[in-house]
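*Asks:* Sharing a structure with you now.
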Amino acid sequence: MLAVLAATLCTTAQTARQDFAKDIHYSASNYLAYPGPRQAKLTPAPKVKKPFYIGHYGRHGSRYLINPKQYDNPYRVLQKADSLGKLTPLGRDVLRRLKLIREEAAGRYGELTQLGAEQHRQIARRMFERFPEVFEGEARIDAKSTVVIRCILSMENALQQLVALNPKLRIRHDASEHDMWYMNYQDQLLRSQAMDSAVQAKYRAYADRYENNDRLMTQLFNDTAYVRRHVNPIRLNVDLFKIASNIQSTELRHTLTLYDLFNDDEVYCNWKKENAWWYIAYGPSTVSGGNQPYTQRNLLRRIIEEADSCLRLYKPGATLRFGHETMVMPLTCLLNLNGFGYATDDFDSLERHGWINYRVFPMAANLQFVFYRRDVNDKDVLVKVLLNENEATLPLKSNIAPYYRWKDVREFYLAKLDAYELTRAQ
């Protein structure tokens, strides 16, 4: 009955399903390998305004799965079933594929892949080519990373590309616990509210509507009684779908897939559950209090303050920051870029309102604040924000959108941050 209900529910929406029909890899949520910008040509700046500074925060590039159990658990479930003769021919072939995937990832859990390094080189190259004035001559580049190796290597690949394009760049780069208060801040109070027992119960009730694992189990196992006694179908489905999603970030993407295990409805249902989970855990969901985006208030305030400081310089260059999707997603929601500040307790409304997770945080996701002025004496500084290299809409009025007056932008967001701090202090 649940499978029939899930199949019915998963045929109602269109936007994500259409994306998956064009490219199934979009269903991977935060495991989506960076697709590159959709917007080939950016909107020209207002007359005589030129880019002169970029403030940036980016996620590390494509990586292996972080926890070895994500590879080991499904492999061992199938391995045990195989030893008892409980796998179908397809099940045995999936076991073979899992063995190859597990061996490739061994000892590299959470590490940057070759593709992840290339993503950051390409993003840096496009940044240089789109905004050459920022990187002219002896421009200053101040780069910081979290202390996680995949983020450090992402930073280094981006910087190597920039210095190859302009050897005169004056680059300073660092990765230190000293900066983690804004580079990777985790507000313990807000995080404790994100998935407390009451929130988890609400999420589980929602996700159960989209559990659709019966067909997959019969594809893999030849004994339904064995599955009932010895297999957790929900867990196995999740594990296999995450591995399927992550293959696109590795060199094995050229030779194998696990997406063939899932039909269109199952792909959509798996994504639907993930989209709701990320919305609850890091978005403005009213179920988890509506304030999770404020976990990144330190980062946003730092971006504003460093921009203010750099704008006083004759040639400020760029401030580059390399971190994680758990920062990019809530920061995007805090900024309310492209309507991602949408707050609701109706998870089925997310897709209709454009709250679609893979649009925000694929591997190597990035936010670029690009500043424009006429010359160093021009006080009417403009800014536009690129989300994954595409021009984004801010929740402010502007007659020159996607460009906004920096004075208005900083005033709006500082007031928002101050109001939250005041409420929290009461």
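The values are calculated or read from the model by the stated rules, or taken from the named source; none is laboratory data. All values reported here derive from a predicted model rather than from experimental measurement. With ideal geometry, Cβ positions are generated from the backbone for all residues, glycine too; neighbour counts draw on all protein chains shown. Areas reflect the complete protein model, heavy atoms only, side chains present, ligands, DNA and RNA absent. Shrake-Rupley method; radii C 1.70, N 1.55, O 1.52, S 1.80 Å.
*Asks:* In this structure, does Lys242 turn out to be among the charged types (D, E, K, R), open to solvent by 60 Å² or more (accessible area, probe 1.4 Å) and in a helix (DSSP H, G or I)?
*Replies:* Working: among the charged types (D, E, K, R): yes; open to solvent by 60 Å² or more (accessible area, probe 1.4 Å): no; in a helix (DSSP H, G or I): yes.
Criteria not met by Lys242.
*Asks:* Just to be sure before I move on: is Phe347 in contact with a Cys (Cβ under 8 Å, 6 or more places away or on another chain), more than 19 Å from Ala307 (Cα to Cα) and in contact (Cβ under 8 Å) with a residue 12 or more places away in the chain in the structure I sent? Can you show your working first?
*Replies:* Values: in contact with a Cys (Cβ under 8 Å, 6 or more places away or on another chain): no; more than 19 Å from Ala307 (Cα to Cα): yes; in contact (Cβ under 8 Å) with a residue 12 or more places away in the chain: yes.
Taking the combined requirement at face value, the residue does not satisfy it.
*Asks:* Would you mind stating whether Gln161 is without any contact (Cβ under 8 Å) to a residue 60 or more places away in the chain, of a type in the set (S, T, N, Q), out of contact with any Phe, Trp or Tyr (no Cβ under 7 Å at 6 or more places or on another chain) and under 18 Å from Arg126 (Cα atoms)? Can you show your working first?
*Replies:* Working: without any contact (Cβ under 8 Å) to a residue 60 or more places away in the chain: yes; of a type in the set (S, T, N, Q): yes; out of contact with any Phe, Trp or Tyr (no Cβ under 7 Å at 6 or more places or on another chain): yes; under 18 Å from Arg126 (Cα atoms): yes.
Taking the combined requirement at face value, the residue satisfies it.
*Asks:* Would a scan of segment 383-392 turn up a residue that is modelled with pLDDT of 95 or more, basic (Lys, Arg) and farther than 22 Å from Gln296 by Cβ?
*Replies:* no
*Asks:* Being under 28 Å from Phe361 (Cβ atoms), without any contact (Cβ under 8 Å) to a residue 12 or more places away in the chain and of a type in the set (S, T, N, Q) is the filter; apply it to segment 371-426 and report the residue that is surrounded by the most Cβ atoms within 10 Å (Cβ to Cβ).
*Replies:* Filtering first and then ranking leaves Ser398.
*Asks:* Sticking with this structure for a sec: I'm told Asp23 meets every condition in (1) over 23 Å from Glu274 (Cα atoms); (2) without any contact (Cβ under 8 Å) to a residue 40 or more places away in the chain except one. Can you identify the failing condition by its number?
*Replies:* For Asp23, the exception is condition (1).
*Asks:* Against the conditions (1) charged (D, E, K, R); (2) open to solvent by 60 Å² or more (accessible area, probe 1.4 Å); (3) in contact (Cβ under 8 Å) with a residue 12 or more places away in the chain, where does Arg76 fall short? Just the number, please.
*Replies:* Only one criterion is unmet by Arg76, namely (3).
*Asks:* Sticking with this structure for a sec: Given the criteria of a type in the set (Lys, Arg), outside any helix (DSSP H, G or I) and either open to solvent by less than 30 Å² (accessible area, probe 1.4 Å) or in contact with a Phe, Trp or Tyr (Cβ under 6 Å, 6 or more places away or on another chain) (or both), does Arg321 qualify?
*Replies:* Yes; evaluated as a whole, the condition is true for this residue.
*Asks:* While we're on this one: Taking Ala143 as the residue in question, decide whether it is closer than 16 Å to Leu320 by Cβ and either touching a helix residue (DSSP H, G or I) at 6+ places or on another chain (Cβ under 8 Å) or crowded, with 20+ Cβ neighbours inside 10 Å (or both).
*Replies:* On the way: closer than 16 Å to Leu320 by Cβ: yes; either touching a helix residue (DSSP H, G or I) at 6+ places or on another chain (Cβ under 8 Å) or crowded, with 20+ Cβ neighbours inside 10 Å (or both): yes.
When the stated conditions are applied, Ala143 passes them.
*Asks:* Separate question: Of the residues Ile101, Ile123, Ile66, Ile152, which is of a type outside the set (S, T, N, Q), assigned to a helix (DSSP H, G or I) and open to solvent by 20 Å² or more (accessible area, probe 1.4 Å)? Break it down into steps so the answer makes sense when it comes.
*Replies:* Details: Ile101 fails: open to solvent by 20 Å² or more (accessible area, probe 1.4 Å); Ile123 fails: open to solvent by 20 Å² or more (accessible area, probe 1.4 Å); Ile66 fails: assigned to a helix (DSSP H, G or I).
The match here is Ile152.
*Asks:* Would you mention how many residues in segment 14-23 are open to solvent by 50 Å² or more (accessible area, probe 1.4 Å) and either of a type in the set (A, V, I, L, M) or out of contact with any Asp or Glu (no Cβ under 8 Å at 6 or more places or on another chain) (or both)?
*Replies:* Number satisfying all stated conditions: 5.
*Asks:* Still on this model: Name the pairs: first residue in segment 273-298 and touching a residue at least 24 places away in the same chain (Cβ under 8 Å) and among the charged types (D, E, K, R), second residue open to solvent by less than 30 Å² (accessible area, probe 1.4 Å) and not in a helix (DSSP H, G or I), Cβ to Cβ under 6 Å, at least 6 apart or on different chains?
*Replies:* Taking only residues 6 or more apart or on different chains, the pairs are Lys273/Tyr210.
*Asks:* Hey, another quick one. State all residues of segment 38-62 that are part of a strand (DSSP E or B) and open to solvent by less than 10 Å² (accessible area, probe 1.4 Å); if no residue qualifies, say none. It would help to see each step written out before you state the result.
*Replies:* Initially, segment 38-62 is screened for residues part of a strand (DSSP E or B), giving 50-59.
Of everything in segment 38-62, those that are part of a strand (DSSP E or B) and open to solvent by less than 10 Å² (accessible area, probe 1.4 Å) turn out to be Tyr53, Ile54, Gly55, His56, Tyr57, Gly58, Arg59.
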